[in-house]
Amino acid sequence: DALQTSLSGNVGHGGPAIQAGYTWGKSLDDVSGVLGGAGSTGAVAVFSPQNPFDTRSEKGPSSFDVTHAFTLSAAQPLQLEHLGFQPDRLKVLTKGWQLLSISTIMSGSPFTVYSGIQQTGAGTIGADRPDQVGIPDLSTAHGSTRRREDYFGRGADNASFFSIPIGISGGSGPNSGRFGTLGRNTFRGPAYYNFDFALIKTTAIGHRESGLERADLQFRAELFNLFNVVNMGLPANTIKGSGFGIISKTAGTSRQIQFSLKVIY
């Protein structure tokens, strides 16, 4: 299910052409996975159900679910050739400049917390989930002052928010346990921000007898992730694994700048 909105138009006389879009969405399923892509780094995903005899508890947000997605693009011709008196030779340098920008903001991707051990005598190793016994102070919460890379907020003690149900009366398997009550994809990683920018100069090369241009020479200076925003990936999500609850990878790339020349004919 989704609500999709868009708005486009020009801002004032000679202002930039703007196109904005916002999507509120919700996708539910009982199995899905995302390999690579923005926000998906740092966490493992198990595609098998915790309880192979009852998959109802697997229903939850899809691994590719994005609740909020906002994009804004703007294009602005600079029209530098109209600034003051300029000889024709100078206009070759000042004419045809344009600024482009594309901004993207998306809410975080869902992920599942796994216990990391076989709790029962059934199911796939690695698919078991724990019980949640506390409410963590997530580093992604609005206004949080905690270190962003410490997702659950207690560092080496992040596992204290969960209990692995093993060694209990009536349990099954070598660990005498049961299936955990924590749902699938119940947590979400950090939001994703990206701002791209381009400065473009298009110069006509020659003209036909009809007056049409023979070709255009286009210079492009492109900056990806202009503000060098550090987008955090997903945290390590296996309790009995290394660095549980710590984000050790980033999503997306750091600032990248490239220059190019293109002939359009």
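The values are calculated or read from the model by the stated rules, or taken from the named source; none is laboratory data. For clarity, every value in this text was computed on a predicted model and none was experimentally measured. Cβ placement follows ideal geometry from the backbone for every residue including glycine, while neighbour counts extend to all protein chains displayed. The area values use the complete protein model at the heavy-atom level, side chains included, leaving out ligands, DNA and RNA. Shrake-Rupley method; radii C 1.70, N 1.55, O 1.52, S 1.80 Å.
Considering the stretch 167-210, and only residues there that are more than 30 Å from Gly121 (Cα to Cα) and of a type in the set (Ser, Thr, Tyr), the residue that is nearest to the chain's Cα centre (by Cα) turns out to be Tyr192. For the stretch 204-218, a residue qualifies if it is in contact with a Gly (Cβ under 9 Å, 6 or more places away or on another chain) and at pLDDT 90 or above, and exactly one does: Gln218.
For beta carbons closer than 6 Å, sequence separation of 6+ or different chains, a first residue in the stretch 231-258 that is aromatic (Phe, Trp, Tyr) and a second that is open to solvent by less than 70 Å² (accessible area, probe 1.4 Å), the qualifying pairs are Phe244/Asn158; Phe244/Ala159; Phe244/Ala236. All of Leu226, Leu217 fail the test of being within 30 Å of Ile102 (Cα to Cα) and open to solvent by less than 60 Å² (accessible area, probe 1.4 Å), apart from Leu226. Here Gln86 meets the list (1) in contact with a Pro (Cβ under 6 Å, 6 or more places away or on another chain); (2) open to solvent by less than 60 Å² (accessible area, probe 1.4 Å) almost entirely, failing just condition (1). Looking across the stretch 163-209, just one residue is more than 26 Å from Ala74 (Cα to Cα), open to solvent by 20 Å² or more (accessible area, probe 1.4 Å) and among the aromatic types (Phe, Trp, Tyr), and that is Phe179.
Contact map, the stretch 11-28: first residue under 12 Å from Asp65 (Cβ atoms) and in contact (Cβ under 8 Å) with a residue 24 or more places away in the chain, second residue open to solvent by 50 Å² or more (accessible area, probe 1.4 Å) and among the acidic types (Asp, Glu), Cβ cut-off under 6 Å, separation 6 or more or different chains; pairs are Lys26/Asp1.
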